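Reviewing the structure listed below.
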Amino acid sequence: MESTDVQSDLKHVLKSKEEIQNRIAELAAEIDRDYEGRDLLIVGVLKGAVMVMADLARALHSHVTMDWMAVSSYGSGTQSSGVVRILKDLDTDLMGKDVLIVEDIIDSGLTLSWLKTNLESRGTASVEICTAFRKPAAAKVKIPVKYVGFDIPNEFVVGYGLDYAEKYRNLDFVGTLAPHVYE
Ligand code: 5GP
Ligand code: MG
Ligand code: MG
């Protein structure tokens, strides 16, 4: 059973608000440097990337444009289905654009690998990836991730955009769920 008190649903804090904000600022500085003099389109993958998009965008000093996509690879549980569907496509024409995909977390990497290929097929100048969190399995997938916030252990985490059955996205930190929530 879930409790009405969010804190008591969590086992432990993996990355605090401060740790996350400091790391996002570092990534933003790198991105500013790497894309100097270019027009960057940052693409947030809904819904999980809302927090990292909002924080990253505000930490960047360069001009960027923002767009959103919604894809589905997971159900409401914790298992990957391996099936990717576009639920909401971009409004932006990608021809000749430098694109940075912004993700919440890479687990199997299936979603992102599919998404990168999909965007590249639209005539982009470049497509790179930025993720707030990455799990060990993702390292096995042959997709280069240029910007990684944190490499984390292979546990199911919630917060900072990440949900369990659509809850916990609004936490400003990331943590693991107490077993009583999902057992
Ligand atoms: P992948 O295709 O890389 O296996 O999974 C990507 C998506 O799965 C993420 O964007 C996220 O929505 C979901 N996901 C993967 N690991 C976790 C996790 O530990 N916690 C939560 N809440 N979602 C996860
Ligand atoms: Mg995601
Ligand atoms: Mg989810």
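Just a few scattered comments:
- Val6 vs. criteria among the β-branched types (Val, Ile, Thr) and closer than 21 Å to Asn118 by Cβ: no
- Residue within the range 118-125 that is within 12 Å of ligand 1 (Cβ to nearest atom) and small (Gly, Ala, Ser) present: no
- Close pairs (6 angstrom Cβ cut-off, 6 or more residues apart or separate chains): at pLDDT below 95 and acidic (Asp, Glu) in the range 38-58, crowded, with 16+ Cβ neighbours inside 10 Å and assigned to a strand (DSSP E or B) anywhere: none
- Every residue from the range 119-148 that is under 17 Å from Val99 (Cβ atoms) and in contact with an Asp or Glu (Cβ under 6 Å, 6 or more places away or on another chain): Ala125, Ser126, Val127, Thr131, Lys146
- Condition met for Tyr160 (aromatic (Phe, Trp, Tyr), within 15 Å of ligand 2 (Cβ to nearest atom) and touching a Leu at 6+ places or on another chain (Cβ under 6 Å)): no
- Reported count of residues in the range 93-126, each being more than 15 Å from the chain's Cα centre (by Cα) and at pLDDT 95 or above, is 14.
- Scope the range 133-183; condition assigned to a strand (DSSP E or B) and within 13 Å of Lys11 (Cα to Cα); matching residues: Val157, Val158, Gly159, Val174, Gly175, Thr176, Leu177
- The range 134-152, residues that are more than 17 Å from Glu30 (Cα to Cα) and without any contact (Cβ under 8 Å) to a residue 60 or more places away in the chain: Arg134, Lys135, Pro136, Ala137, Ala138, Ala139, Lys140, Val141, Lys142, Ile143, Asp151
- Residue match in the range 100-116 (condition: away from ligand 3 (no atom under 16 Å from the Cβ) and free of Cβ contacts under 8 Å to residues at least 24 places away in the same chain): no
- Qualifying positions in the range 151-173 - of a type in the set (Phe, Trp, Tyr) and either more than 22 Å from Ala137 (Cβ to Cβ) or more than 8 Å from ligand 1 (Cβ to nearest atom) (or both): Tyr160, Phe173
- Checked against the criterion of being closer than 15 Å to Val158 by Cβ and in contact with a Leu (Cβ under 6 Å, 6 or more places away or on another chain), the range 21-38 has no qualifying residue.
The values are calculated or read from the model by the stated rules, or taken from the named source; none is laboratory data. In this text, all values refer to a predicted model and were calculated from it rather than measured experimentally. Positions of Cβ are backbone-derived with ideal geometry, glycine not excepted, and every protein chain shown enters the neighbour counts.
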